[in-house]
Amino acid sequence: EAGVAQSPRYKIIEKRQSVAFWCNPISGHATLYWYQQILGQGPKLLIQFQNNGVVDDSQLPKDRFSAERLKGVDSTLKIQPAKLEDSAVYLCASSLDDTGLAHNEQFFGPGTRLTVL
Amino acid sequence: GEDVEQSLFLSVREGDSSVINCTYTDSSSTYLYWYKQEPGAGLQLLTYIFSNMDMKQDQRLTVLLNKKDKHLSLRIADTQTGDSAIYFCAEKEYGQNFVFGPGTRLSVLP
């Protein structure tokens, strides 16, 4: 079974530029998550999708970050414009379904490492 | 709010046991998890424990949960160089999202 795919793996941009990340979850997984992992910290949830609907985006800085999952499969996360503090690894994860059940294994992609200069 | 704390570094000798500790604040946490992250990779689920359990063993891994002190530990027996990684503790309350700790970097010395 193929895992969660992400691209690009690395991206270097200058502040105020725009950037987009792409995620392809495991086939059949209804739930998709985007996390931000700043160096030396644990992952922090940015947004959670259930199929093509947003379940939780309470920690997404909506003035500069946006995400979509139009057909309920692939997802893109965009930052526009980027700031220095956005330098982090952006992890995508997927799970079969998250209907509120506590145990719901998430499978993580390798992440995209963003450096903002 | 929820908070998960871990010590940031641990060094052990190959063949010894490693014990990674975690404390959490949310007493209503339903599940507690241990994830492993190797360089350049995403997080891999190692094991999890339901909050009504005290201990769970899975091959070389033993998880101990002290609900009174809100303390979780992961013991790795016979630690190998391949166990070198960052280990994240995470809590999840029913219907809520995961809250991850900062991670403990385990270094295994030959």
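The values are calculated or read from the model by the stated rules, or taken from the named source; none is laboratory data. Given the structure is predicted, the values throughout are model-derived calculations rather than measurements. Neighbour counts run over all protein chains shown; Cβ positions are idealised from the backbone, glycine included.
Structure notes:
- Flag if A:LYS44 is free of Cβ contacts under 8 Å to residues at least 60 places away in the same chain, within 25 Å of B:PRO39 (Cα to Cα) and not hydrophobic (A, V, I, L, M, F, W, C): yes
- Top-ranked residue in region A:21-79 [being more than 24 Å from B:GLY95 (Cβ to Cβ), surrounded by fewer than 17 Cβ atoms within 10 Å (Cβ to Cβ) and within 14 Å of chain B (Cβ to nearest Cβ); ranked as nearest to the chain's Cα centre (by Cα)]: A:ILE38
- Within region B:46-93, tally of residues that are of a type in the set (D, E, K, R), under 13 Å from B:VAL19 (Cβ atoms) and free of Cβ contacts under 8 Å to residues at least 60 places away in the same chain: 2
- Residue within region A:24-36 that is β-branched (Val, Ile, Thr), within 22 Å of B:VAL4 (Cβ to Cβ) and part of a loop (DSSP other than H, G, I, E, B) present: no
- Of everything in region A:1-16 that is part of a loop (DSSP other than H, G, I, E, B) and either of a type outside the set (D, E, K, R) or under 30 Å from A:GLU105 (Cβ atoms) (or both), the residue that is modelled with the lowest pLDDT is A:GLU1.
- Leading residue by the ranking (farthest from the other protein chains (Cβ to nearest Cβ)) among those in region B:51-110 that are more than 14 Å from B:TYR33 (Cα to Cα) and of a type in the set (A, V, I, L, M): B:ALA77
- Qualifying residue in region B:35-51 (condition: farther than 23 Å from A:LEU45 by Cβ and buried (at least 17 other Cβ atoms within 10 Å of the Cβ)): no
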